[in-house]
Amino acid sequence: MAKYIFVVGGVMSGVGKGVAAASIGTILKSKGFKVTAIKADPYINVDAGTMNPTEHGEVFVTLDGDETDQDMGNYERFLNVDLNRDNYMTTGRVYQSVINKERNLEYEGRCVQVVPHIPEEIISRIKRAAEKNDNDFVITEIGGTVGEYENVLFLEAIRILKMQQPQDVCIVMVSYLPIPYHIGEMKTKPTQMAVRSLNSTGLQPDFILCRSEKPIDDKRREKLAIFCNIKPNHAVSAPDVKSIYDIPLNFEKEDLGNKIIKHLGLKARPSNLKKWQDFANKANSKLNKSVKIGIVGKYFTTGDYVLADSYISIIESVKHASWNNNLSCDIEWLSSDDYERDPEKLAELSKYDGIIVPGGFGSRGVEGKIATAKYCRENNIPYLGLCYGMQIATIEFARNVAGLKDANTTEINPNTPHPVIHLMQEQEKKMAEHNYGGSMRLGGYQCKLTRGSISYEAYKKHAADKVNKDTIIERHRHRYEFNNDYREKLEKLGLVIAGLNPSQKLVEIIEIKNHPFFVGTQFHPELQSRPLHPHPLFMRFIETAANK
């Protein structure tokens with residue numbers, strides 16, 4: 001029977017519940033257990049696909065096409081697994097499922113109530129994830145913090161499951177312990193109050209991961225033990241670290257994995273984190289050479305603050321590829337709005353070793369992105385365009401090489417005389433009916449690579465399975481595509497179709513001849529990069545950038 005670990009937040013969000021859950025899973029997996037992870041988000045949205053990235057962060061797409069929270073990306077990267085829609089739920093999705101069952105008479109005419117039917121649906125989803133692949137552990141992260149009213153039903157589900165299977169449930173709270181500057185002392189009172197808030201729902205944490213600027217000391221452990229009703233050694237130090245990849249190693253120093261499995265009635269096991277340790281060492285080392293990468297986007301700011309979470313998978317992919325090439329990386333944010341307002345600023349792109357134009361939607365900053373692609377093409381700067389970044393590069397080539405004046409995507413200009421990027425045929429009805437949620441081309445699709453292309457050589461050299469094959473599977477999230485009516489004309493002028501969907505003949509990868517690295521992908525390669533297995537295209541991009 002599977003064991004269930006629930007990770008909840010105390011005091012405040014944003015202190016690392018997701019990477020904490022992923023790190024616990026990494027340790028347990030290194031001990032030989034089968035581990036899966038679930039994200040439970042409290043909002044009413046059915047999925048993350050319709051939320052603004054500057055408010056919510058990146059939308060992470062699973063192989064089976066679910067639009068999920070960015071923490072799912074951390075789980076996949078740390079556990080080196082492909083998760084699916086069974087591993088993600090929201091309050092909206094749970095309610096939708098219960099209502100559908102009621103409409104289908106699956107409750108056999110009984111009165112359907114918030115309690116117990118909503119918590120029962122949550123539990124059934126958690127158990128379904130456990131049964132898949134016969135997992136030993138299911139780690140479920142509850143979004144937000146324990147004091148939020150909208151989390152009550154998820155906490156109620158934990159209470160019921162713990163009542164039913166007390167020996168199989170472990171509750172881990174990730175809580176912030178501030179060190180006020182003017183006091184200079186770590187304070188436990190906010191965490192004490194968070195634990196009392198959790199107690200009010202009928203739950204008691206078994207472990208507290210003590211997030212703070214510095215490691216927790218024995219005096220603070222004792223206070224938490226007394227006032228939060230835990231063992232002193234179950235107050236686990238979780239200080240700030242240079243890299244998130246240090247977190248499993250820090251937890252391992254505290255023997256967190258064995259403490260958890262002993263708490264759940266299992267025998268301690270040795271861990272094998274040697275490869276992870278080697279990777280983390282590179283992340284923290286001052287390597288001999290560094291690459292400077294600019295990301296030209298528009299989802300960077302939220303008020304007066306920078307929100308890097310909008311592109312978190314891209315950031316991690318650059319790190320994975322750099323460190324596995326024994327390179328340090330310096331990533332800088334560049335606003336496409338600035339290049340649109342002041343084209344002279346484009347000259348600053350020459351100081352970067354490589355430029356990435358990520359995905360996105362809408363017209364804001366698009367001309368700045370097109371100008372970026374032009375500058376990189378003309379000045380031999382390595383360019384990696386992802387989804388919208390690929391479409392931008394196509395528009396730029398059509399305008400400035402093929403001479404197709406006012407070429408554009410119909411997303412921006414429905415009346416463009418040269419729609420080199422247009423709405424997918426299958427999307428037309430959905431858009432007309434305002435069917436936006438979960439309706440894009442989502443998830444994994446095949447791409448047949450063109451032999452001799454830069455992309456083909458990258459996959460041939462760096463694919464994790466080391467198998468020389470022409471066809472790959474990558475994850476998508478888009479409504480618009482390359483217009484094949486323009487394919488022949490653009491190819492004659494030097495545009496290379498380096499990847500094609502074999503069933504629908506959709507263009508998946510473009511390149512430009514006689515350029516060190518100018519690659520655009522309709523798919524999102526960043527979603528499949530892993531710390532120990534970097535994505536082939538990012539590896540080739542960083543290699544080329546290092547030689548610039």
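Worth pointing out:
- Among the residues of the stretch 328-343, some residue qualifies, meaning at least one is part of a loop (DSSP other than H, G, I, E, B), free of Cβ contacts under 8 Å to residues at least 60 places away in the same chain and within 30 Å of Lys548 (Cβ to Cβ).
- Being surrounded by fewer than 15 Cβ atoms within 10 Å (Cβ to Cβ), in contact with a Gly (Cβ under 7 Å, 6 or more places away or on another chain) and charged (D, E, K, R) holds for only one residue in Lys513, Lys505, and it is Lys513.
- Residue in the stretch 351-358 that is assigned to a loop (DSSP other than H, G, I, E, B), crowded, with 21+ Cβ neighbours inside 10 Å and within 22 Å of the chain's Cα centre (by Cα) present: yes
- Condition met for Ala40 (assigned to a loop (DSSP other than H, G, I, E, B), buried (at least 23 other Cβ atoms within 10 Å of the Cβ) and among the aliphatic types (A, V, I, L, M)): no
- Every condition in (1) polar (S, T, N, Q); (2) touching a residue at least 24 places away in the same chain (Cβ under 8 Å); (3) closer than 18 Å to Gly520 by Cβ holds for Asn408 except the one numbered (2).
- Scanning the stretch 373-385 for residues that are within 23 Å of Lys489 (Cα to Cα) and either among the hydroxyl-bearing types (Ser, Thr, Tyr) or under 28 Å from the mean Cα position of the chain (by Cα) (or both) turns up Ala373, Tyr375, Cys376, Tyr383, Leu384, Gly385.
- Qualifying residue in the stretch 449-464 (condition: buried (at least 18 other Cβ atoms within 10 Å of the Cβ), assigned by TED's automatic domain parsing to the domain that holds Gly360 and within 24 Å of Gly49 (Cβ to Cβ)): no
- Within the stretch 146-169, being assigned to a loop (DSSP other than H, G, I, E, B) and in contact with a helix residue (DSSP H, G or I) (Cβ under 7 Å, 6 or more places away or on another chain) holds for Val146, Gly147.
- Count of residues meeting criterion [touching a helix residue (DSSP H, G or I) at 6+ places or on another chain (Cβ under 8 Å), surrounded by 16 or more Cβ atoms within 10 Å (Cβ to Cβ) and free of Cβ contacts under 8 Å to residues at least 60 places away in the same chain] in the stretch 465-494: 2
- Some residue of the stretch 70-80 being more than 23 Å from His476 (Cβ to Cβ) and surrounded by 15 or more Cβ atoms within 10 Å (Cβ to Cβ): yes
- Matching residues, the stretch 370-403, being in contact with a helix residue (DSSP H, G or I) (Cβ under 7 Å, 6 or more places away or on another chain), assigned to a helix (DSSP H, G or I) and of a type in the set (S, T, N, Q): Thr372, Asn400
- All positions within the stretch 95-115 that are surrounded by fewer than 13 Cβ atoms within 10 Å (Cβ to Cβ) and either part of a helix (DSSP H, G or I) or assigned by TED's automatic domain parsing to the domain that holds Gly438 (or both): Ile99, Asn100, Arg103, Val114, Val115
- For the stretch 289-332, taking the residues that are buried (at least 19 other Cβ atoms within 10 Å of the Cβ), at pLDDT below 95 and of a type in the set (Ser, Thr, Tyr), the one that is farthest from the chain's Cα centre (by Cα) is identified as Tyr299.
- Within the set Lys448, Lys429, the sole residue that is in a strand (DSSP E or B) and either touching a residue at least 40 places away in the same chain (Cβ under 8 Å) or of a type outside the set (A, V, I, L, M, F, W, C) (or both) turns out to be Lys448.
- When each of Thr54, Thr26 is tested for being at pLDDT 95 or above, hydroxyl-bearing (Ser, Thr, Tyr) and not in a strand (DSSP E or B), the lone residue that passes is Thr26.
- A residue that is out of contact with any strand residue (DSSP E or B) (no Cβ under 6 Å at 6 or more places or on another chain), aromatic (Phe, Trp, Tyr) and over 24 Å from Tyr43 (Cβ atoms) occurs somewhere in the stretch 172-192.
- Being assigned to a helix (DSSP H, G or I) and either closer than 19 Å to Val236 by Cβ or out of contact with any strand residue (DSSP E or B) (no Cβ under 8 Å at 6 or more places or on another chain) (or both) holds for only one residue in Gly14, Gly9, Gly73, Gly92, and it is Gly92.
- Counting the residues of the stretch 143-192 that are free of Cβ contacts under 8 Å to residues at least 40 places away in the same chain and aliphatic (A, V, I, L, M) gives 5.
- Of all the numbered requirements in (1) outside any strand (DSSP E or B); (2) within 17 Å of Leu384 (Cβ to Cβ); (3) over 25 Å from the mean Cα position of the chain (by Cα), Phe523 misses one, and that requirement is (3).
- Subset of the stretch 224-244 [surrounded by fewer than 20 Cβ atoms within 10 Å (Cβ to Cβ) and either assigned to a helix (DSSP H, G or I) or outside the structural domain of Asn74 (by TED's automatic domain parsing) (or both)]: Ala225, Ile226, Phe227, Pro232, Asn233
- Condition check for Phe78: among the aromatic types (Phe, Trp, Tyr) and part of a helix (DSSP H, G or I): yes
- Leading residue by the ranking (nearest to Arg341 (Cα to Cα)) among those in the stretch 359-369 that are part of a helix (DSSP H, G or I) and touching a residue at least 60 places away in the same chain (Cβ under 8 Å): Gly368
- Considering the stretch 161-208, the residues that are under 23 Å from Asn258 (Cα atoms) and among the polar types (S, T, N, Q) include one that is surrounded by the fewest Cβ atoms within 10 Å (Cβ to Cβ), namely Gln167.
The values are calculated or read from the model by the stated rules, or taken from the named source; none is laboratory data. Just so we're clear, the structure is a prediction, and the values are computed from it rather than from any experiment. Cβ atoms come from the backbone with ideal geometry, glycine included; neighbour counts cover every protein chain shown.
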